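Presented below is the structure to which this report refers.
The values are calculated or read from the model by the stated rules, or taken from the named source; none is laboratory data. Being a predicted model, the structure only gives us computed values, none of them experimental. Positions of Cβ are generated from backbone atoms using ideal geometry, with glycine treated the same way; all protein chains shown enter the neighbour counts. Side chains included, ligands, DNA and RNA excluded: accessible areas come from the protein's heavy atoms. Shrake-Rupley method; radii C 1.70, N 1.55, O 1.52, S 1.80 Å.
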Amino acid sequence: AGMGGMRAAGIESGVPMEVVAAYEISEICSEAYRHNYGASEWRLKTIERLSVEDLDAHHADVWLMSPPCQPFTRSGLRQDHEDTRTQPLLHLSKVLGEMRYPPRKLLVENVIGFERSESRRRLLGALAARGWCGAEFALDPEHFGLPNRRPRYYGLFQAPDDDGAWRAADAAGEQVCHWRSVAELLEGEGPDGEPTLQGAPWQAVSPPPLSQFLQAPEEIAREEAELRCSLEVSQEILKDRHDRGGKFDIHLRSDCTSACLTKVNGRLPKGFSPLVVVDEAEAGPLEQRPKVSAQGDGPGAATDHVWRPGVRLRYLSPVEQLRLMGYPDSYSFPARLGFRERSSLIGNSLNVCIVSWLLRVLLPDAGSVVAPEPPPRVLAALAATSSPGSPLAPPCGGAAPRCADPALVERGWGPRVRQLRGC
């Protein structure tokens with residue numbers, strides 16, 4: 001359940017649904033979730049402790065899952081199924097075949113790299129045994145008009161109908177993604193058995209500038225007062241990191257991208273955080289260099305703005321972070337949660353805009369799937385930068401499924417994106 005990203009995406013999708021249970025073991029997540037959505041479906045319990053009877057009792061049609069990503073991240077130990085944090089997912093994969101009332105559809109979100117994991121293989125093995133079909137994606141917020149880099153794996157899976165068939169198109173008969181049997185997905189494509197990851201079914205949208213998501217100075221001052229802390233990073237921390245040869249993810253208001261938000265955001269000198277210049281006029285021009293990092297320097301890679309002593313930088317505020325993650329403006333945090341707690345929750349969350357579109361693909365009975373409508377703030381930004389008569393969102397009805405964005409490969413995620421047959 002986390003802080004409620006899946007719940008927010010469900011609401012934003014417009015698909016009618018009733019949440020029967022939301023499982024989480026974090027008390028801080030519980031506070032944020034209950035603050036926004038109430039406590040009726042909240043369960044403070046580990047999923048691996050749920051029996052088949054417990055799961056059957058929900059009669060849930062859909063499971064929405066975002067398992068812990070640490071077992072699969074580039075910077076982690078990559079222990080995969082041997083990491084205890086994969087136990088909930090492995091438990092569900094095991095009991096799925098024993099349930100009397102199993103779900104009919106699944107949505108899974110995780111980091112790029114999950115598609116190569118043994119944990120995924122076990123989940124798909126359980127689904128293949130029941131004749132399910134699926135579609136797997138590599139999607140990034142930039143594809144959805146949000147100036148933020150957060151490439152992620154997404155898997156959609158559905159059970160066959162009573163006659164053994166499964167739907168491969170939306171309610172209007174238009175195919176918006178490439179559904180295949182899960183057995184085929186397990187086989188992969190190519191000599192090394194790489195899985196096929198699809199992209200968004202439209203041409204890439206140029207994200208609006210970051211300035212459209214940043215707060216005015218007076219709004220930042222009010223949020224700092226609420227948080228009881230300053231968002232500005234001290235010159236001592238910046239100088240120490242600079243002297244040690246450390247890099248910064250510095251952004252200007254004109255940038256059309258920003259660094260990925262993680263659970264350690266806001267904790268410099270630990271980890272990395274996207275930073276914005278407090279006063280660009282005061283700072284003057286910054287030297288720029290191609291980013292040299294695990295994300296590579298190919299198409300779509302970021303540029304490093306080089307810090308120099310005296311240039312003031314600040315963290316993104318929680319409100320700004322929520323905007324980049326596609327959360328609605330109505331989402332808020334309990335007053336007692338500080339900056340670091342809020343930033344950690346957001347960094348561990350998911351992109352609401354992307355998941356809301358995927359829910360409309362997975363649950364087409366609510367109506368035909370159309371191009372996902374970005375949050376109002378994004379629509380306004382796109383309108384401001386679009387030429388007269390141009391569409392604010394790219395049409396996807398009737399479009400052939402597209403391959404995943406090659407830039408994800410160029411950024412150094414590894415040769416994980418393959419061409420679809422016929423692409």
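Results, tabulated for the structure shown:
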| read-out | value |
| --- | --- |
| ³J(HN,Hα) computed for each position of the stretch 262-272 - Karplus, 6.51 cos²θ - 1.76 cosθ + 1.60, integer Hz, glycine/proline x | 10, 5, 9, 4, x, 10, 3, x, 6, x, 10 |
| For residue 264, net neighbour charge (Lys/Arg +1, Asp/Glu -1) across residues whose Cβ lies under 10 Å away | +4 |
| Whichever lysines have a C-alpha closer than 26 Å to that of residue 270, once near sequence neighbours (fewer than 8 apart) are set aside | 239, 247, 291 |
| Proximal lysines to residue 94, defined as alpha-carbon separation beneath 18 angstrom and excluding residues fewer than eight positions away on the same chain | 105 |
| Probe 1.4 Å - accessible area at residue 340, Å² to nearest ten | 110 |
| Sites residue 232 and residue 45 - FRET efficiency at Förster radius 60 Å, r taken between beta-carbons, to 0.05 | 0.90 |
| Sites residue 219 and residue 240, calculated FRET efficiency, Cβ-Cβ separation with R0 25 Å, nearest 0.05 | 0.25 |
| Residue-count net charge about residue 54 - beta-carbon cut-off 15 Å; Lys, Arg +1, Asp, Glu -1 | 0 |
| Nearest-10 value in Å² for the accessible area of residue 47, using the 1.4 Å probe | 50 |
| By accessible area with a 1.4 Å probe, ligands and nucleic acids excluded, highest first: order of 241, 228 | 228, 241 |
| Residues whose placed amide H lies under 5 Å from that of residue 249, excluding near-sequence neighbours | 273, 275 |
| Length released on extending from residue 254 to residue 52, taking residue separation times 0.36 nm less the Cα-Cα span | 67.5 nm |
| Relative contact order [Cα under 8 Å, 6+ residues apart], the stretch 191-282, whole percent | 29 |
| Amide H contacts under 5 Å for residue 278, placed H, 5+ residues apart | 312, 313, 314 |
| Share of carbon and sulfur in the accessible heavy-atom surface of the stretch 222-278 [1.4 Å probe, %] | 54 |
| Sequence of 304, 54 when ordered by accessible area, the most exposed leading, probe 1.4 angstrom | 54, 304 |
